[in-house]
Every structure is written in C-alpha cells, then in structure tokens.
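Here the structure comes first, spelled out in structure tokens, and everything after it is commentary.
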Amino acid sequence: MNSTIGRDEVLLPEIYEKRRQEETRRIIGLKKKRRLSTKTFSFLFESRETVLNQINEMILIENIHDEEEIQRLIRVYSDLLPAEGELSVSMFIEISDEKTLLRELPRLAGIEKTVYITFDGSEIRAIPEEGRSTEVLESTLQYLRFRFNSSQKEKFRDSHYVYIETRKEGYRESARIDGDLLESLKKEL
C-alpha cells in the first residue's frame, strides 16, 4: 500500500518547472479519471501521483529550497495517502457563484460527516479530517477516509454497484463509481 512520499521523488522548483507543463497535462488526465461529481460536490480519489503532484506544485509556487520545509510538506501531504484498507478522498464544494456559496456554507456545516460509500447492501461512513470546519461554517475542501475491514474489502472487490453519497438534509446527492475508476479502487484497496 502507499507509504510516505520519499524525498527523492520531490523536485526542487527549478527542476519541476521544466517538467511542469507536461506533468500538468498528465495529472489533469489522471484526476479526470479519478474524480466524480454531483450537483454540489466533486470527489477526487487521491493516489500517490496526485499527492506527489500537490507537493511539487506547492514547492514550485512557494519557491521552497529549505530542506526542513520540504520534509514538512512531505509529511503533511503524505497524510492524504490512503493507508492499508482505506480509500482517501478530497471532497470539494462546487458552488461557483460567490453569493450562493456564502449563503449555503452555514447550511453545509457538517456535510463531511454525512458522506458514505455504499456497495451491495454495505456502507462505509467517511472519517473526516478534524478541524476543517466548525459547527456553523463549512470548509469548501474536506479530506475524507473510508476504512474497510477485511470482509468489506472482499465484498467491495466483488461489487458492481458502488456509490459515493452525501446524506445531509437538503444535500442528498450521489454519484456512481464504475468503470476504470472502480477497477482501480478495487486494486488499490
């Protein structure tokens, strides 16, 4: 399973900048295959490649050369990697109109506690990262983990009808996980 990103995988800004255009095209294509959307939300199933890209982008944007800061970023972003028996998801609130977003954020408070993956009569509730939202205000980005026990993993690997869904009143939405994404997640789990 995925482990911490190694320092040797992370590039200094001047090296990454030379590869950035090609890397950006590749990662956009990868994320497109690993992202699902509903009316209000999108869900990106994180992988080693998506996380490494985030680290390299941050180092380039901030022009970081300090080894301690690079190591800190590796530790912070490596927390997004799924552990053994987990899927890791970045959940985005996709409300583009600023007035609507500001009006809806208080109503969305706690949405991260209502996200589930369902499959063949089973469900796994998301474990949200602590401290991203308050009781009255929601962050537009949530980091979620779905932990599977061994029987759930087995059942998931045999399933054909898999969904990610939100169950908050006023925001009951779902997207089917199928095709290549489902097959990839079965292998990664």
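Go through (1) surrounded by fewer than 15 Cβ atoms within 10 Å (Cβ to Cβ); (2) free of Cβ contacts under 8 Å to residues at least 60 places away in the same chain; (3) hydroxyl-bearing (Ser, Thr, Tyr) and name the single condition Tyr116 misses.
(1)
Can you tell me which residue among Arg132, Arg167 is charged (D, E, K, R), at pLDDT 95 or above and either surrounded by 15 or more Cβ atoms within 10 Å (Cβ to Cβ) or closer than 26 Å to Glu104 by Cα (or both)?
On the way: Arg132 fails: at pLDDT 95 or above.
Just one listed residue meets the conditions, Arg167.
Could you check the range 1-35 and list, in sequence order, the residues that are more than 23 Å from the chain's Cα centre (by Cα) and among the acidic types (Asp, Glu)?
Asp8, Glu14, Glu17
Name, by its number, the condition in (1) closer than 25 Å to Asp79 by Cα; (2) at pLDDT 95 or above; (3) surrounded by 16 or more Cβ atoms within 10 Å (Cβ to Cβ) that does not hold for Ser159.
For Ser159, the exception is condition (1).
Residues in the range 42-94 that are more than 15 Å from the chain's Cα centre (by Cα) and among the hydrophobic types (A, V, I, L, M, F, W, C): how many? Spell out the reasoning first.
Looking only at the range 42-94, we keep the residues that are more than 15 Å from the chain's Cα centre (by Cα), and these are 56-75, 84-85.
Okay, now just the ones that are also among the hydrophobic types (A, V, I, L, M, F, W, C), so 58-61, 64, 70, 73-74.
Result for the range 42-94: 8.
Looking only at strands (runs of 3 or more DSSP E) that fall completely inside the range 1-110, which ones have 1 or more residues that are exposed (fewer than 14 other Cβ atoms within 10 Å of the Cβ) and aromatic (Phe, Trp, Tyr)? Write out each step before concluding.
Working: elements: 35-37, 41-45, 86-93.
Fully inside the range 1-110 and qualifying: nothing.
The values are calculated or read from the model by the stated rules, or taken from the named source; none is laboratory data. Keep in mind it's a predicted model, so treat the numbers as computed, not measured. Here the Cβ is made from the backbone with ideal geometry for all residues, glycine too, and neighbour counts use every protein chain on show.
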